[in-house]
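Encoded as structure tokens, the structure appears first; notes follow it.
FYI, it's all coordinate maths here, none of it is from the lab. Just so you know, these numbers come straight off a predicted model, no measurement behind them. Using ideal geometry, Cβ is built from the backbone for each residue, glycine included, and neighbour counts are taken over all protein chains shown.
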Amino acid sequence: MEIRLHNKRILGINGIGRIGKLTLWNHLNLKHFDGIVINSGREIGKRIEDIIQYLTMDSTYGNLDRFLYGYTGKSCDVKILDRSEYLIEMNGIPVKILKKIRNPRQIDWAKENVRLVIDCTGVFLDPTLPADYPKGSIRGHLEAGAEKVIVSAPFKIGDSSQKLPEDSSTFVYGINHSSYDHLKHHIISAASCTTTGLAHMVKPLLDTKETSEIVTASMTTVHASTNNQCILDAPPKAGANDLRRNRSVFNNLIPTSTGAAIALEEIIPDIKKVGFMADSIRVPTTTVSLISLNLTFRTELTESGAPIINRNFINDIYRKAAAGAHKDQLIFSENQNVSSDLMGCQAAIVIEGLENHTRTGFLSFNADTLRRYGIETTQDVNLPVTHAKVFGWYDNEFGCYVNFLGKLTKYVDKNLI
């Protein structure tokens, strides 16, 4: 039985892991779509009740009733509409589960009346691969009947000689989503949770004249654990480069890499001129991560010799952003937060104002050095530079990432012809 809703919006979700399930929860709350079709790609449990239990319970965010309605006592009514077809109703929205097919090309989205798919598998990330690639391709969704595909992860092109296809692009809602072209873009990456948070930290600085000229930048994300880490120590796969990811997530702080800086260049091209570095430290918590952003600015001095860019100046930038252009997307906080305080917070980033700080120094160049670089002068030069450290919290599962993925999904859907 298909979800037969003529001229209605049906959302497809491929993958039923952390992001897939929380994406379902988000759209059960938003109620923008009239029906949802989930492709799990495999059998789950022994009966439909096992899938329902998985979809309605969560060790991080609690049960679905409390997620949607808090402690009001109201419940999310779940009904089995067709047991043989795995068709249920959740919070008044029909939800169908497909369990047999992994390859996107073979999922019959056309039959299910699905025009827009969110791929949450984390597997199909290369938009250069053809639809008939034997191991499956993100492009296969289009051949299966979908008109647009949003990938809940950054693109990863396996062949470095290949360029990103013209029909593919990366968007973060609130930063560059208005550049989406419904006639051109058919495969969309929603970047990552860290890139989403980082972009919303950097954009207000670039939009402010005094901080728009960033000399250098680096970031470290102190990141909650994810399902690609091992519960207990395990042997690495053949050819693995990062041996630390096979160490127990329960017992270790694990330094690792992140592609957030590279992805940021796609979303905010102006950042390409900055020497941006990024790394990650995985920690044994379930969600909510922290970005420590380090920036160096060329700065001006006041008549009294004080730097224009200081802690109060940086915090004021974020205060104004939170009240204006980035309202409901960025929060400025002067509370003494810990990570669990921000669980479920539906902002891309929460600036930790109490911890932000700056230090100004001088780069000294004597006349001989300057002349070697072609600058004719007889005077030494002292250039003031300010180093700033800015902290930002983000709920890397629901609050930041899935919430902004949902906003982008609605935006793309509203622009479907």
Inset, instruction - Please report Lys389, Lys46 as a ranked list, fewest other C-beta atoms within 10 angstrom at the top and most at the bottom. - result: Lys46, Lys389
Inset, instruction - Using the Karplus curve 6.51 cos²θ - 1.76 cosθ + 1.60 with θ = phi - 60°, work out ³J(HN,Hα) for each residue of segment 148-165 in order, rounded to whole Hz, and write x for Gly and Pro. - result: 9, 10, 10, 9, 8, 5, x, 4, 9, 8, x, 9, 5, 7, 8, 9, 4, x
Inset, instruction - For Ile308 and Ala110, compute 0.36 nm times the residue count separating them, minus their Cα-Cα distance, and round to one decimal in nm. - result: 65.5 nm
Legend entry - Amide H partners (placed H, <5 Å) of Ala278, local residues excluded: Met219
Inset, instruction - Order these peptides, 185-198, 271-284, by their mean beta-carbon neighbour count within 10 angstrom, highest first. - result: 185-198, 271-284
Inset, instruction - Return the lysines within reach of Lys46: Cα separation strictly under 25 angstrom, same-chain partners fewer than 8 residues apart disregarded; answer none if there are no such residues. - result: Lys21, Lys79, Lys96, Lys99, Lys100
Legend entry - Which labelled figure in (i) 39.5; (ii) 24.8; (iii) 28.7 is mean projected area of the Cα convex hull in nm², once derived from the coordinates: (ii)
Inset, instruction - Give the Debye-formula value of log10 I(q)/I(0) at each listed q (0.09, 0.11, 0.19 Å⁻¹), with one equal scatterer per alpha carbon of segment 10-165, two decimals each. - result: -0.30, -0.44, -1.17
Inset, instruction - Let me know the Rg and Dmax you get for segment 259-358 when you use only its Cα atoms, in Å. - result: 15.6, 50
Inset, instruction - Report, in whole Å, the centroid distance computed from the Cα atoms of segment 102-175 and segment 349-417. - result: 32
Inset, instruction - Sort out for me the Cα centre separation of segment 238-254 from segment 26-74, rounded to whole Å. - result: 31
Inset, instruction - For Lys203, list the lysines whose Cα falls under 19 Å from its own Cα; do not include residues on the same chain fewer than 8 positions away. - result: Lys272, Lys273, Lys320, Lys327, Lys389, Lys407
Legend entry - Sum of side-chain charges, Leu354 neighbourhood, beta-carbon under 14 Å (Lys, Arg +1; Asp, Glu -1): -1
Inset, instruction - Please give the calculated 222 nm ellipticity per residue for the chain, where each DSSP H segment of at least 4 residues contributes -39500 (n - 2.57) and the sum is spread over every residue; nearest 500 deg cm²/dmol? - result: -6000 deg cm²/dmol
Legend entry - Spacing of the two label points (7 Å from each Cα toward its C-beta) at Ser248 and Asp413, in nm: 4.3
Legend entry - Cβ crowding within 10 Å averaged over residues, with 216-227, 136-147, 12-23 ranked highest first: 12-23, 136-147, 216-227
Legend entry - Considering only the chain, percent of DSSP beta bridges that pair antiparallel, nearest 5: 55
Inset, instruction - Note the full-extension length gain between Gln379 and Glu334 as 0.36 nm times their separation in residues minus their Cα-Cα distance, in nm to one decimal. - result: 11.8 nm
